[in-house]
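Shown next, in structure tokens, is the structure this report addresses.
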Amino acid sequence: MRVASLLVAASILAAGCAVPLDPPPAGPAEDGGPPRQGGIFRLAAAEDPRTLDPARGYDTVSWSFEQMLFDTLVRYDDAMHVVPDLAVSWTTSPDGRHVSFALRQDVRFSTGRPFGGADVKYSIERLLRPAIHSQGAEFFHGIEGAMDYIAGRAPEVRGITVPAPDRIEFALADVDPLFLHKLTMLFAAAVDRETVERVGDEGFTQHPVGTGAFALAEWTYGQRLRLVRNPNYFRPGLPHLDGVELTIGVSPQLAWLKYQRGELDLAGIPSAEFQRVRTDARYRPLILSRTRLDTQYLGLNCDVPPFDRVGVRQAMNLAIDKQRLVELIDGQGVVATGILPPDMPGAAPVPGYPHDSAAARRHLEEAGLGAGFETTMWAAREETTMRLAQSMQQDLRAIGVTLRLKPVDFPALIEAVRHPGMVPIFLLGWEADFPDPSNFLTVLLSSRTRDTNNNTFYTNPAVDRLLDEAAPVLEPARRFALFHEAEVLVMHDAPWVPLFYPSGTAMRHPRVRDYRLNPLRPARIDETWVAG
Amino acid sequence: MIGLGSMRRSRRLLTAGLVLVAGLAVLAIAAPWLTGYDPDTIVVTTYRGPLRPDASHPLGTDTLGRDVWSRLAYGARTSLFVGGVAMAVSLAIGMTTGLVAGYFGGAVDGSLMWIVDLVLTMPSLLLLIVLATVLPPSILTIPLVIGAIGWTTFARTVRGEVLTLRERDYVLAARALGATHGRLMLRHLLPGVLPGVLVLSALGMSGAIVVDAGLSYLGLGVPLPTPSWGRMVSDAQTYIAVAPWLVVAPGAAIALAVIGFNLIGYGLIDVLGRRQG
């Protein structure tokens, strides 16, 4: 008992020693003045971006820097509308299979070379070359002649034509309502052919040259990434910043301390500090937050007993206390009620599952599993994920289900869930590539994607039929109605336990202005500026 | 032997160690009666960060809203279990190897000590991490792995003792009277090495607790949600400025447990050493 009282005494002593929250860095007052030119945007990250070659990057960090260096024909504005970027305007033929773009004539690469339609054609053909191994290639398989080009049967993609330097036209094998959305992805960014030919495909990630607001000045691996303003950038007066400096090898905790000392312009808020920061009047105006097209879910493998039974899967949905999970992520998100995040165009309320342990138990009894069962959940070996997992472990214990946890590294998790019959339950999230319901429903829940992204191995012919029917429909109301019908069926069959829709959160230095989070893409900084 | 002054002082050390370890044992055994909550159950209705220590939660609540005092008390079970099993495994392998090697000598000794050297040359932390990752997670995995790596000290010490003991007159006499190998080892040599083994066991126990805490800290310890002190420290480390008690309580518990077993070990060295000498 002496031990116990010693411990209690030590802890009470320690409780008195909680360190008060340091103030945020000081900065100029918000006076609503015009944007100031100049200044370096200071960022920090634990690791280097995976790549700066737009043909290869498919993660948030790579994309955030790629979009400083490169432009696409079209892009998303903050309200997720497709707006012109390198293109001025576009027309789609009545049959929906031909899309024609008029291009800006004032665009130059950062090397000074003028940009034209041939550069877009070159960039997309480069992406499609099998030697590049681009994860984005499949998005452009629908262009006429793309498959012949990939197979080496044609020297070029005949569906991409450049009738004049300031025009480019795409012919599609089938109607594709998502084609414009696909062109907003960094995969379709215009890369400088001269540089690629000079440094080679492998060297391009170290020497990326595009038409973007910034150009790469230095990338010392593991230490520093420096971008400077592109003097040839086509938007007059932009960017406001002189450059961007990323310090690499900084843990999130260290980044937070550096932010508090005023050494960084942007930082994530550590979970430990979130409650204090949110209630602190000095910090509150500096918090940036917005919902994203992201659903975190528990995947139930429909091929692995007992999850091959609908009743058991519904019981899992009823057993999990999603409100608690949102509390555990400090309220940075909302409880999920369906597959599609609420900001997704076409998302409408679907019958979901309340938190009801008694009903969950009844479902298990009806399935003959009244005595409960044991199963294993795979999840990323990461602090927050483990907290969420333990919370669900307790929810399931209440209905007699023993959940063992298998913490693995994230790449191993992604790999494991693809193997049939390997993972009974997993904890994952999905962030939309484009604002269209198909990006969740068709990509993750159709029987045709069982060997790629349908990791719950869910199969329902009725759902497949609806998804196929919706795919070519251009008219939004009808398209969304079909997807909604499919989502209702999926929710009934319950291959997922949708948990929550997380929001993106960051903290800005008070000198940072016009930095806006985007629901679909990393934030753009061409219009961002720092007050003096 | 470590010079610790008078006999009385070493006895005092031994007593202090025994008191600490006894306290730990009481905590582990009586955990259900000493705590008001289940260690794995989330007890807060709404989670808004860890709660400060108060009357109902003497050590506050953790980053999931569980009672820290309950987790600490039940964590004593984990630590003692892991330490005990690891020590028993080390003892069984190490003592057998040491006895056999020391008693038979020659080629048997040579080859067994070669194995000991081999195990010693392997980077133990790396080996632990690999084994803890590859083997299926269970409450037994970690202590078995720690035990299976930590037995070499037992083997070497026991072998050394046996090498001197086997030349003693009473052993030679027993041998002359026709005692079998087994009888010689178990009846005549084993009792002679026990004092040394006792000391090593106490030290091994504290070593195993530290290793378990280290592995848990790396996220490789006993499976979640089983409370474990090392895990509690690692889960709370980012909260050290906000909720220092979350780190201090399990950290102090680890320190006290290790100090307790070490005091017993060093106290025994002194007490037994004097008695023999």
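The values are calculated or read from the model by the stated rules, or taken from the named source; none is laboratory data. Note that the structure is a prediction, hence the values are computed from the model and not measured. Every residue, glycine as well, gets a Cβ built from its backbone with ideal geometry; the counts of neighbours run over all protein chains shown.
Annotations
- Residue check, A:L288 more than 30 Å from A:V473 (Cβ to Cβ), assigned to a strand (DSSP E or B) and touching a Ser or Thr at 6+ places or on another chain (Cβ under 9 Å): yes
- Put simply, of A:N439, A:N455 the only residue that is assigned to a helix (DSSP H, G or I) and crowded, with 17+ Cβ neighbours inside 10 Å is A:N439.
- Count of the stretch A:401-424 residues, restricted to those that are part of a helix (DSSP H, G or I) and more than 13 Å from chain B (Cβ to nearest Cβ), is 6.
- Matching residues in the stretch A:325-337 - criterion: being in contact with a Gly (Cβ under 6 Å, 6 or more places away or on another chain) and either among the small types (G, A, S) or within 14 Å of chain B (Cβ to nearest Cβ) (or both): A:V326
- None of A:A371, A:A398, A:A359, A:A367 is within 14 Å of chain B (Cβ to nearest Cβ), surrounded by fewer than 21 Cβ atoms within 10 Å (Cβ to Cβ) and either without any contact (Cβ under 8 Å) to a residue 60 or more places away in the chain or more than 30 Å from A:N518 (Cβ to Cβ) (or both) except A:A398.
- Any chance A:V334 is of a type in the set (A, V, I, L, M), part of a helix (DSSP H, G or I) and modelled with pLDDT of 90 or more: no
- Complete set of residues in the stretch A:207-227 that are surrounded by 18 or more Cβ atoms within 10 Å (Cβ to Cβ) and under 26 Å from A:G116 (Cα atoms): A:P208, A:V209, A:G210, A:T211, A:G212, A:A213, A:F214, A:A215, A:L216, A:L227
- Which numbered condition A:D436 misses (of (1) among the acidic types (D, E); (2) under 24 Å from the mean Cα position of the chain (by Cα); (3) within 14 Å of another protein chain (Cβ to nearest Cβ)): (3)
- Looking only at residues of the stretch A:1-34 that are at pLDDT 75 or above and surrounded by 16 or more Cβ atoms within 10 Å (Cβ to Cβ), we find that the one that is nearest to the other protein chains (Cβ to nearest Cβ) is A:L21.
- Hey, A:S100 among the small types (G, A, S), part of a helix (DSSP H, G or I) and either modelled with pLDDT of 95 or more or touching a Cys at 6+ places or on another chain (Cβ under 6 Å) (or both) or not: no
- B:Y47 being without any contact (Cβ under 8 Å) to a residue 60 or more places away in the chain and surrounded by fewer than 21 Cβ atoms within 10 Å (Cβ to Cβ): no
- Yes/no for A:V175 being part of a helix (DSSP H, G or I), aliphatic (A, V, I, L, M) and more than 14 Å from every other protein chain (Cβ to nearest Cβ): no
- Contact map, the stretch A:159-170: residues that are surrounded by fewer than 18 Cβ atoms within 10 Å (Cβ to Cβ) paired with residues that are in a strand (DSSP E or B) and among the charged types (D, E, K, R), Cβ distance under 6 Å, separation 6+ or inter-chain. Pairs shown: A:T161/A:E169.
- Residue check for B:I259: modelled with pLDDT of 85 or more, in contact with a Leu (Cβ under 9 Å, 6 or more places away or on another chain), over 27 Å from A:A380 (Cα atoms) and not small (G, A, S): yes
- Residue within the stretch B:216-224 that is of a type outside the set (V, I, T), surrounded by fewer than 24 Cβ atoms within 10 Å (Cβ to Cβ), assigned to a helix (DSSP H, G or I) and modelled with pLDDT under 85 present: yes
- Just one of the listed residues (A:A281, A:A315, A:A272) is of a type in the set (A, V, I, L, M, F, W, C) and within 14 Å of another protein chain (Cβ to nearest Cβ), namely A:A272.
- Count - residues of the stretch A:246-257 that are under 23 Å from the mean Cα position of the chain (by Cα) and either within 14 Å of chain B (Cβ to nearest Cβ) or not in a loop (DSSP other than H, G, I, E, B) (or both): 8
- Selection over the stretch A:472-491 of residues that are more than 30 Å from A:T384 (Cβ to Cβ) and either touching a residue at least 60 places away in the same chain (Cβ under 8 Å) or in contact with a His (Cβ under 6 Å, 6 or more places away or on another chain) (or both) gives a count of 9.
- Count of residues meeting criterion [surrounded by 14 or more Cβ atoms within 10 Å (Cβ to Cβ) and basic (K, R)] in the stretch B:11-26: 1
- Residue check for A:R278: in contact with a helix residue (DSSP H, G or I) (Cβ under 8 Å, 6 or more places away or on another chain), in contact (Cβ under 8 Å) with a residue 60 or more places away in the chain and either buried (at least 21 other Cβ atoms within 10 Å of the Cβ) or among the charged types (D, E, K, R) (or both): no
- Here the helices (runs of 4 or more DSSP H) wholly within the stretch B:1-112 that include at least 2 residues being at pLDDT below 85, closer than 25 Å to B:T153 by Cβ and more than 10 Å from chain A (Cβ to nearest Cβ) are B:7-29, B:68-104.
- Within the stretch B:241-256, residues that are within 7 Å of chain A (Cβ to nearest Cβ) and in contact (Cβ under 8 Å) with a residue 12 or more places away in the chain sit with their Cβ atoms under 7 Å from residues that are basic (K, R) and part of a helix (DSSP H, G or I), at 6+ positions apart or across chains, in these pairs: B:V242/A:R276.
- Residues being surrounded by fewer than 17 Cβ atoms within 10 Å (Cβ to Cβ) and of a type in the set (V, I, T) - total across the stretch B:173-209: 1
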